[in-house]
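Everything on this sheet refers to the single structure shown next.
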Amino acid sequence: MSIDSGAGSGQPTEMPRPAVPGSHVIGVEDALPGEAAVLRAAERSLDGTRRGPGRYTPFLGPAFIAAVAYVDPGNFATNMAAGSQFGYLLLWVVLAANLMAMLIQSMSAKLGIATGMNLPEVCRARFSRPVSFLLWIQAELIAMATDVAEFVGAAIGINLLTGMPLFPAAILTGIASFLILALQSRGFRKFEVVIAAFVGVIVVAFGFEVFLADPSAVGIAHGLFVPGFDGKESVLLAVGILGATVMPHVIYLHSALTQHRIVGATPEARKKIFRFELVDLVIAMSIAGLINMSMLITAAAVFHSRGLDDVGDNLNAVYDGLDVYLGSGAAIMFGIALLASGLSSSSVGTMAGQVVMQGFIRRRIPLMVRRAVTMVPALLIIAVGVNPSKALILSQVVLSFGIPFALIPLLLFCRNRSLMGGLVNRHSTTAAAVVVTIIIVGLNIFLLQQTLLG
């Protein structure tokens, strides 16, 4: 299913001719057995012989991998801090961030389907070499911030559940992430299933938390639909929520997940593939949004309602508080969810880093080597005794500053008809994406001004 990116020409190469005349999907003959079955099922969905809800099944997967980044340990830190300090006040930020994420990820998925290239590859093809190099440098820094949150979060999860000290817990996290990454050698479907299972664990855990917390329905409704802030700290947390929800590295990754997975043989087939992938996106991102809201709601109901405004700044204190107020079962479920989040998102983050390096500078190193290298900053943070929960929150603020560098090129490319063909953005989609970009950049500037000038 490999497609030449045409990176040196500035234009994507033409899609190769289908191996079987009249087919909608390319690459069935070259795929691994499990992948070939998915591609054959996709062919039947595209030609209309596979009907009912089952016709969407072959296209489910890429958005669930992307969605893992939207429920990573950074989300735990920012959402718990926001809920404990400000109650339900910032729920509207979680909702808005999730809607923004749906729009952004749909464009990223569409870019991969339409061009056969991922976002870093298109950047390299369309921008000058110095610009591409600078974009790569900032993307690598963002990947490091991402990995800190994910790796530290998983280590905290192991520590909470077993009492193991953080440093050996971090080493164990690294071993587990190596095993998860090894699944990719067996085809995309097995990896997708494992990642979706991790998401399922997090859903069950926070559904249980919300049920026990018995939150205020009026407070939830007010927080969701009445925007507002309460001082500079609430703005900082809002930007952190945005950085934890709209993740720069997964904007790059989603285009890579769709570029070679199911390749349409014709422009019409690619349009149909995108429509099917939208279903995958809506389901996965809706689940991620509900998880994020559940985190904040749990913190608001359990801690803010009791005047414990500072509990959310420390995930260990959250774990202990849940044990005291909701019972040991709630605390254990929180620890399991945090561990599942850290392990899955660290693997996805490593994949994103590989896509960034390969696309921007045409360099590729083995995933396992990259995993070993990116473990170092997180291990150093743990070794020197930096507050891991505070490191998680600050990493999310750093991430929010990287969003425009991924989002603006994506917006420019998706509105380019010569590049996107029939999947070019509608004017309304472009307008919505421009508004999202302005909001994100504006929030970051406001945060910087408030922080520097007090």
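Bear in mind these aren't lab numbers, they're just calculated from the coordinates by the rules spelled out. The structure presented is a predicted model; accordingly, all values stated were derived computationally and were not measured. Backbone-built Cβ (ideal geometry, glycine too); neighbour counts: all protein chains shown.
Here are the numbers:
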read-out: Listed residue (Ser216, Phe127, Ala145) projecting farthest to the positive dipole end of segment 111-222, Cβ model; value: Phe127
read-out: Under 15 Å, Cβ to Cβ, from Arg50 - net charge with Lys/Arg +1 and Asp/Glu -1; value: +4
read-out: Net lengthening on full extension, Ser286/Ala36 (0.36 nm per residue, minus Cα-Cα); value: 87.1 nm
read-out: Stretchable slack from Val441 to Val279, in nm (0.36 nm times residue separation minus alpha-carbon distance); value: 55.4 nm
read-out: Rounded tilt (10° steps) of 267-302 against the dominant C-alpha axis of the chain; value: 0 degrees
read-out: With Cα atoms, 0 to 90° folded angle of helix 367-383 axis to the chain main axis; value: 20 degrees
read-out: 22 Å Cα-Cα reach of Lys110 towards lysines, excluding residues that sit fewer than 8 places from it in its own chain; value: Lys271, Lys272
read-out: Relative contact order, percent, the chain [alpha-carbon distance under 8 Å, six or more residues apart]; value: 33 percent
read-out: Relative contact order (%) - segment 348-454, alpha-carbon pairs under 8 angstrom, separation at least six; value: 17 percent
read-out: Burial ordering of Thr173, Thr57, fewest other beta-carbon atoms within 10 Å first; value: Thr57, Thr173
read-out: Under 5 Å, built H, 5+ apart or other chain: amide partners of Val263; value: Ile26
read-out: Computed E for Val193/Arg51 - FRET, C-beta separation, R0 25 angstrom, nearest 0.05; value: 0.60
read-out: Total charge dipole magnitude, the chain, about the Cα centre, Cβ charges on Lys, Arg, Asp, Glu only, Debye to nearest 20; value: 1620 debye
read-out: Helix-only [θ]222 nm of the chain, DSSP H runs n ≥ 4, -39500 (n - 2.57) each, per residue, nearest 500; value: -25500 deg cm²/dmol
read-out: Charge context of Phe274, other residues only, Cβ under 14 angstrom, K/R +1, D/E -1; value: +4
read-out: GluC sites (Glu not before Pro), loop per DSSP, at most 13 other Cβ atoms within 10 Å - longest free stretch of the chain; value: 30-454
read-out: Where trypsin sites (Lys or Arg not before Pro) in DSSP loops with at most 15 other Cβ within 10 Å are excluded, longest remaining stretch of the chain; value: 52-361
read-out: Acute angle (nearest 10 degrees) that the helix 73-86 long axis makes with the longest principal axis of the chain, alpha-carbon atoms; value: 40 degrees
